[in-house]
There are 2 protein chains.
Amino acid sequence: MLESKHEAQGNWQSAPGGVTLPRGFKASGVHCGIKKSRPDLALIVSEKQAQAAGVFTSNLVKAAPVLVTMEHLKSGLAGAIVANSGNANACTGDTGLRDARIMAAEAACVLGISPQEVLVASTGVIGKALPIDNVSEGIRIAASGLSPKGSSEAAQAILTTDRTTKEVAVTGRICDRNVSIGGICKGSGMIHPNMATMLGFITTDVAITHVMLKKALVQSVDESFNMITVDGDTSTNDMVIAMANGLAGNTVIDEEGSDFQEFCRGLRVVTASLAKMIVKDGEGATKFVEVRVVGADTVDDARCIAKTVASSNLVKTAIFGADPNWGRILAAAGRAGVDFRPDLTDVYIGDVLVARSGKANGFDEAGAGKANGFDEAGARNALAKTDIEITIDLKSGSSAASAWTCDLTYDYVKINASYTS
Amino acid sequence: MLESKHEAQGNWQSAPGGVTLPRGFKASGVHCGIKKSRPDLALIVSEKQAQAAGVFTSNLVKAAPVLVTMEHLKSGLAGAIVANSGNANACTGDTGLRDARIMAAEAACVLGISPQEVLVASTGVIGKALPIDNVSEGIRIAASGLSPKGSSEAAQAILTTDRTTKEVAVTGRICDRNVSIGGICKGSGMIHPNMATMLGFITTDVAITHVMLKKALVQSVDESFNMITVDGDTSTNDMVIAMANGLAGNTVIDEEGSDFQEFCRGLRVVTASLAKMIVKDGEGATKFVEVRVVGADTVDDARCIAKTVASSNLVKTAIFGADPNWGRILAAAGRAGVDFRPDLTDVYIGDVLVARSGKANGFDEAGAGKANGFDEAGARNALAKTDIEITIDLKSGSSAASAWTCDLTYDYVKINASYTS
């Protein structure tokens, strides 16, 4: 069956304003000279000390700003995020750690808070020392330009080869208060020359403890940023951090319950929207693909299969070529390391049932006939669209998950091969 | 350090003859009508019942011939291999199982052996029933054309979109007898339309029990076919099978010891040569790449990192573009799931030390300078060659392993996207 998969948006409404929609947040973005001319330094500040939480790259090779931000987040408190693009400050040894700490100290100084309250992020070239004097001056300029309408500027300043800024915000109600959650991010795809990947910054005026904020963040990242794949490469610099300053005045969320669930729903809308924006802006991408696995025994099984199929080069090239190669989809599912029954499994491309119970729908027993008994023209039409859904029904349990990806194109190869320094 | 990594070829000498070099083996290849005009059916026969062993795809979705051959190999005995190309007989349900059994029965009938002694393999389109009448007739024609010089014909008949046949043989001495080992295979890369992957067939006149043959085969496949990657996709049809008919007259190898070790060395030469041929003929490949990990704590750690780096799209596109992106190499190593010290790790491209102790060799502390202090021109020169070696030295233990891959090119995307039925 093809389940309806309505995004559980609940009472949350989209709104403009990004990370500066929630009360008490200001942001700015400036050019400080890491890149030639485009903005390369962003600052996001809460007027009130915020509860804070983060999730970080699982790569063993972690950039200096990742290490410093992990350290600063131990307190669960933060007042500001400072991020640069154009230089990842990764594989830079002790120099890199020193520079990341200088970034935090500089921001703390101009904002009048402690260095431990400043979270640091970088993205860009790996292996090159930060031009730290430029960065320090950039922080001072950015601080003087902080604005309650500065979200787009900040979103611009964290981009590397992204084609578009990625910004979203929602409003809702918790505990009879109007609350809002905003987010900006930059794209995945470790890009030339040695660019580092995904940064996401979330702000909210909801009152919540950092323990519950971390719990909500981990859950929503698992269902969003962790379910997208552009090329399977994870970076040295990935991080998603969230700050909650409590200015909405709701009763503090300090345990699971209906308020926490409502906050999670809103957060999921923000992170899922940002994650999809990243895929749509994937390197060389011409198509957005949702791989949905249903009928799985567990959510973990469904996620694992969805991600394996979504990261198959063969599936992604077939989608680029609008080739309804259901055999590749089933074969990719089969190598996911999950136990399932291929002989029960159905595969849909769009609404077209291409494989039923592990064989081509309409399988020709006689042999010499055509390979595909299914509606091949219909499947090709579905694949010719820019927004494609592949559904895999394992017909076993009742768990489901989706992964999002893009097609693999000539331009992906071109972007990633043609760097000359 | 850059270790010398001389292939431990021992007393084994290359020789022509492929799978029909070992005494008592004949082979043939014919066209039976699965493909339009190229050979599509191969037969390999031992005049004496042979000890036999196989390794098979780990994909949960296994083609009918894989299931039937696994069943037939339970006895450890075989007399013949019959293989077709052009149709994988995968995702074909009960019809497929019936057809795979008919192939075995037909070959058994014309050869005067039992159907259980026939091993079956298929490669080609997924999801289409075999034209079994053509196949049966092909088997009869192939049997009448069996020749002690038929290896190349058989090697030709198992190809799909491979550009070259893949054939190798070696001679050596075991227990004061002249012995030989031969092999043929077809390429990896699950290719349009839904082609299935790697087949390898090994013959030898060495006398060895099927238990020890299986042990030797598993070891040598782990170091060869399991260390190559073209696109990370494993197939429904992969198999490597070996037959040992004992006609060399050596004392039967039935335990570990110097004879077994000698046989393993010879087998490794055959499987490593075939594996490298597959990579060199990878879809769209213009370059052959060896990723060598040294200084690891365990061989498993070394293999895991080597394979992760070798399968990174970003590393493979950088190699296509001759871009000395050592950051991508280190970042790929970091996501292998192996615990190592990035801050100790050296990376070489060819003979050029590009990263020392996790930083660019010659890292510029001052920052604003150049990203790479290493010999960038030298690294580019190394990457401009068609045969490239990347070495990652973890500087911890004394274990090493190599993985082999090719570059990721426009043509890979083209081959895999542009199929129209």
Looking at A:A80, is it of a type in the set (A, V, I, L, M), crowded, with 24+ Cβ neighbours inside 10 Å and in contact (Cβ under 8 Å) with a residue 40 or more places away in the chain? no
Would you check if there is a residue in region B:60-72 being assigned by TED's automatic domain parsing to the domain that holds B:I113, in contact with a Pro (Cβ under 6 Å, 6 or more places away or on another chain) and buried (at least 24 other Cβ atoms within 10 Å of the Cβ)? yes
For B:G284, only one of the following conditions fails: (1) among the small types (G, A, S); (2) within 19 Å of B:D346 (Cβ to Cβ); (3) within 11 Å of chain A (Cβ to nearest Cβ). What is its number? (2)
Name the one entry in A:L213, A:L267, A:L247 that is of a type in the set (A, V, I, L, M), surrounded by fewer than 23 Cβ atoms within 10 Å (Cβ to Cβ) and out of contact with any Phe, Trp or Tyr (no Cβ under 8 Å at 6 or more places or on another chain). A:L247
With criteria (1) outside the structural domain of A:A121 (by TED's automatic domain parsing); (2) farther than 30 Å from A:A382 by Cβ, A:N250 comes up short on (1)
Scope region B:130-179; condition hydrophobic (A, V, I, L, M, F, W, C) and part of a helix (DSSP H, G or I); matching residues: B:I132, B:V135, B:I139, B:I141, B:A142, B:A143, B:A154, B:A155, B:A157
If a residue has to be part of a helix (DSSP H, G or I), farther than 18 Å from A:V179 by Cα and aliphatic (A, V, I, L, M) to count, how many in region A:9-67 make the cut? 3
Identify, please: which residue in region A:77-129 is at the interface with another protein chain (Cβ under 9 Å from one of its Cβ atoms) and assigned to a loop (DSSP other than H, G, I, E, B) and is, among those, nearest to A:A154 (Cα to Cα)? A:A88
Note on A:A207: of the conditions (1) closer than 18 Å to A:M243 by Cα; (2) in contact with a helix residue (DSSP H, G or I) (Cβ under 8 Å, 6 or more places away or on another chain); (3) small (G, A, S), unmet is (2)
Can you work out which of the residues in region A:99-154 that are among the β-branched types (V, I, T) and in contact with a strand residue (DSSP E or B) (Cβ under 8 Å, 6 or more places away or on another chain) is modelled with the lowest pLDDT? A:V125
From the option list B:S46, B:S114, single residue qualifying as more than 23 Å from A:P342 (Cβ to Cβ), of a type in the set (S, T, Y) and in contact with a Phe, Trp or Tyr (Cβ under 9 Å, 6 or more places away or on another chain) is B:S46
Within the bounds of region B:107-119, is there any residue that is buried (at least 24 other Cβ atoms within 10 Å of the Cβ) and without any contact (Cβ under 8 Å) to a residue 60 or more places away in the chain? yes
Single residue of region A:132-146 satisfying the filter (in contact with a helix residue (DSSP H, G or I) (Cβ under 9 Å, 6 or more places away or on another chain) and within 30 Å of B:R356 (Cα to Cα)) that is nearest to the other protein chains (Cβ to nearest Cβ): A:I132
Members of region A:346-360 found to be closer than 20 Å to B:L60 by Cβ and either at pLDDT below 95 or at the interface with chain B (Cβ under 7 Å from one of its Cβ atoms) (or both), listed by number: A:V354, A:A355, A:R356, A:S357, A:G358, A:K359, A:A360
With surrounded by fewer than 24 Cβ atoms within 10 Å (Cβ to Cβ) and either acidic (D, E) or farther than 30 Å from A:N250 by Cβ (or both) as the only criterion, which of A:G10, A:G33 stands out? A:G33
Find the strands (runs of 3 or more DSSP E) located wholly in region A:266-376 whose residues include 2 or more that are within 18 Å of the chain's Cα centre (by Cα), and list them. A:288-296
Answer with yes or no whether A:A403 is in a helix (DSSP H, G or I), in contact with a strand residue (DSSP E or B) (Cβ under 6 Å, 6 or more places away or on another chain), small (G, A, S) and at pLDDT 80 or above. no
Within region A:37-59, restricting attention to residues that are within 14 Å of chain B (Cβ to nearest Cβ) and surrounded by fewer than 20 Cβ atoms within 10 Å (Cβ to Cβ), which residue is farthest from A:T209 (Cα to Cα)? A:S58
Output the residue which, of all residues in region A:324-345 that are hydrophobic (A, V, I, L, M, F, W, C) and farther than 16 Å from B:N89 by Cα, is farthest from the other protein chains (Cβ to nearest Cβ). A:L344
Residues in region A:304-323 that are within 7 Å of another protein chain (Cβ to nearest Cβ) and over 17 Å from A:M227 (Cβ atoms): how many? 7
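The values are calculated or read from the model by the stated rules, or taken from the named source; none is laboratory data. Note that the coordinates shown come from a computational prediction; the quantities given were computed from them, not determined experimentally. Virtual Cβ from ideal backbone geometry, glycine too; neighbours counted across all protein chains shown.
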